[in-house]
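Here is the structure we will look at.
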Amino acid sequence: MDRLDCDRMFVAVLEIGSFAGAAVRLGTSSSQASKLVSRLEQQLGVQLFRRSTRALSPTEVGRAYYARVKPLLEAFDTLDASVRDSATTPTGRLKISAPGTFGTAVLAGVLVGFARLYPLIELDVNFSDRAVNIVDEGFDMAIRIGKLDDSSLIARRLGDVPVRVAASPAYLLQHGTPQHWRDLAAHACISDTNFRDPWHWPFVTSCGEPVAMPIRGRLCFSNTEACLQAALAGLGIARLPGFIAAPALQRGDMIALLEAFAAPPLGLFALYPPARHLAQKTRLLIDYLADYFRQHPPG
């Protein structure tokens, strides 16, 4: 067993708090994780963890060793990455997480273009609205839309995603067209539960103050395309990301509402773990996405 493998597993176990979680991060089995840490303890002649059937906790020596070995591993990874990046042709595997609908509707085509440009970079892309743990689940980066939670991750803004309030002509003919955000109280609204607060729609007053309008309606979906289909069927007013609403608006199948009170667009971000040296493959993709969305705003 390589000493670096043992040290990396020790760091992962201490940070996550379990052999199973550390095994998932490093792509191995729980039994192998335990063997690597035991081998390290044998080599050092010390106990790094206190083990019981219910708990796993670092010893004082284990915490001290972690404080010394973690920077050494980071320095080694930086050296390794810088040498690899000196190669003229970028290679390697990129594991990416992205929101489901945005991924299939927008991002997939952009990634295909990147794959053509860099044929030796492998892409492993997970389209899901689940908020993955980037570090623990082994992702190199993630694409996120909206307000970001505070974390140790580094975020780079790639662009803006406008959100449109819209309804079908048939619905507006039957129920009338709201002229003010307060008018939504008298309308059936279709909620997308992927939004942070789907039951309060944000607007900006004529004075520029942000407001949140409580909405009501009998339909809610955890998928924005389903919300669009319900709105197209005349079942209510929907709040949709611009990249989903735009085609229907352009065809005239949907009519944009309350544009004078529209809230600021949501941010589109690339998130990645902090590192002294960002891997070339990751940097290339983030730069490619930033350039693309600068020229082709999503929505």
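The values are calculated or read from the model by the stated rules, or taken from the named source; none is laboratory data. Every value quoted in this text rests on a predicted model; they were computed, and no experiment measured them. Note that we place each Cβ from the backbone using ideal geometry, even for glycine, and neighbour counts take in every protein chain shown. Quick note on the areas: whole protein, heavy atoms, side chains included, nothing else; ligands and nucleic acids left out. Shrake-Rupley method; radii C 1.70, N 1.55, O 1.52, S 1.80 Å.
On the given criteria, is ARG182 closer than 30 Å to LEU271 by Cβ and open to solvent by 40 Å² or more (accessible area, probe 1.4 Å)? Step through it out loud before you land on a result.
On the way: closer than 30 Å to LEU271 by Cβ: no; open to solvent by 40 Å² or more (accessible area, probe 1.4 Å): yes.
Taking the combined requirement at face value, the residue does not satisfy it.
Condition test on ASP136, is it in contact with a Lys or Arg (Cβ under 9 Å, 6 or more places away or on another chain), touching a residue at least 12 places away in the same chain (Cβ under 8 Å) and more than 22 Å from LEU268 (Cα to Cα)? Step through it out loud before you land on a result.
Details: in contact with a Lys or Arg (Cβ under 9 Å, 6 or more places away or on another chain): yes; touching a residue at least 12 places away in the same chain (Cβ under 8 Å): yes; more than 22 Å from LEU268 (Cα to Cα): yes.
Answer is yes for this residue.
Might you check whether a residue that is more than 30 Å from GLY21 (Cβ to Cβ) and either open to solvent by 50 Å² or more (accessible area, probe 1.4 Å) or touching a strand residue (DSSP E or B) at 6+ places or on another chain (Cβ under 8 Å) (or both) occurs anywhere in the range 119-131? Let's see the steps before the verdict.
Filtering the range 119-131 down to residues more than 30 Å from GLY21 (Cβ to Cβ) leaves 119-120.
Applying the additional criterion that residues be either open to solvent by 50 Å² or more (accessible area, probe 1.4 Å) or touching a strand residue (DSSP E or B) at 6+ places or on another chain (Cβ under 8 Å) (or both) yields 119-120.
Scanning the range 119-131 turns up at least one residue that is more than 30 Å from GLY21 (Cβ to Cβ) and either open to solvent by 50 Å² or more (accessible area, probe 1.4 Å) or touching a strand residue (DSSP E or B) at 6+ places or on another chain (Cβ under 8 Å) (or both).
Within the range 73-89, is even one residue in a helix (DSSP H, G or I), open to solvent by 20 Å² or more (accessible area, probe 1.4 Å) and over 19 Å from PRO273 (Cβ atoms)?
Yes, the range 73-89 contains a residue that is in a helix (DSSP H, G or I), open to solvent by 20 Å² or more (accessible area, probe 1.4 Å) and over 19 Å from PRO273 (Cβ atoms).
Name the strands (runs of 3 or more DSSP E) wholly inside the range 217-299 in which the number of residues that are within 19 Å of ASN194 (Cα to Cα) and out of contact with any Ser or Thr (no Cβ under 9 Å at 6 or more places or on another chain) is 3 or more.
Details: elements: 219-221, 237-241, 255-257, 266-272.
So the answer is 266-272.
What are the residues in the range 206-226 that are open to solvent by less than 60 Å² (accessible area, probe 1.4 Å) and either farther than 13 Å from ALA188 by Cα or among the aliphatic types (A, V, I, L, M) (or both), if any? Talk me through it step by step, then tell me what you get.
Kept after step one, since they are open to solvent by less than 60 Å² (accessible area, probe 1.4 Å), are these residues of the range 206-226: 208, 211, 213, 215, 217, 219, 223-224, 226.
Across the range 206-226, the qualifying residues are GLY208, VAL211, MET213, ILE215, LEU219, ASN223, THR224, ALA226.
Rundown of residues vs (1) of a type outside the set (Lys, Arg); (2) surrounded by 20 or more Cβ atoms within 10 Å (Cβ to Cβ), yes/no style:
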position: ALA233; (1), (2): yes, no
position: ILE237; (1), (2): yes, yes
position: GLY242; (1), (2): yes, no
position: ALA246; (1), (2): yes, no
position: ARG251; (1), (2): no, no
position: LEU258; (1), (2): yes, yes
position: ALA263; (1), (2): yes, no
position: ALA270; (1), (2): yes, yes
position: PRO274; (1), (2): yes, no
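Residues of the range 97-113 being over 12 Å from the mean Cα position of the chain (by Cα) and closer than 21 Å to GLY138 by Cα, which ones? If you could, list the steps in order and put the result at the bottom.
Kept after step one, since they are over 12 Å from the mean Cα position of the chain (by Cα), are these residues of the range 97-113: 101, 104-113.
Result: LEU107, ALA108, LEU111.
Which residues, taken from the range 133-178, are among the polar types (S, T, N, Q) and either in a strand (DSSP E or B) or more than 19 Å from ILE190 (Cβ to Cβ) (or both)?
Within the range 133-178, the subset among the polar types (S, T, N, Q) is 133, 151-152, 168, 174, 177.
ASN133, SER151, SER152, listed by residue number.
Please go through the range 36-55 and pick out each residue that is within 24 Å of ASP80 (Cβ to Cβ) and open to solvent by 70 Å² or more (accessible area, probe 1.4 Å).
First, pick out the residues of the range 36-55 that are within 24 Å of ASP80 (Cβ to Cβ): 36-37, 39-40, 43-44.
Those that are within 24 Å of ASP80 (Cβ to Cβ) and open to solvent by 70 Å² or more (accessible area, probe 1.4 Å): ARG39, GLN43.
(1) assigned to a strand (DSSP E or B); (2) surrounded by fewer than 18 Cβ atoms within 10 Å (Cβ to Cβ): which one isn't true of ILE190, the others all being true?
Just one mismatch for ILE190, condition (2).
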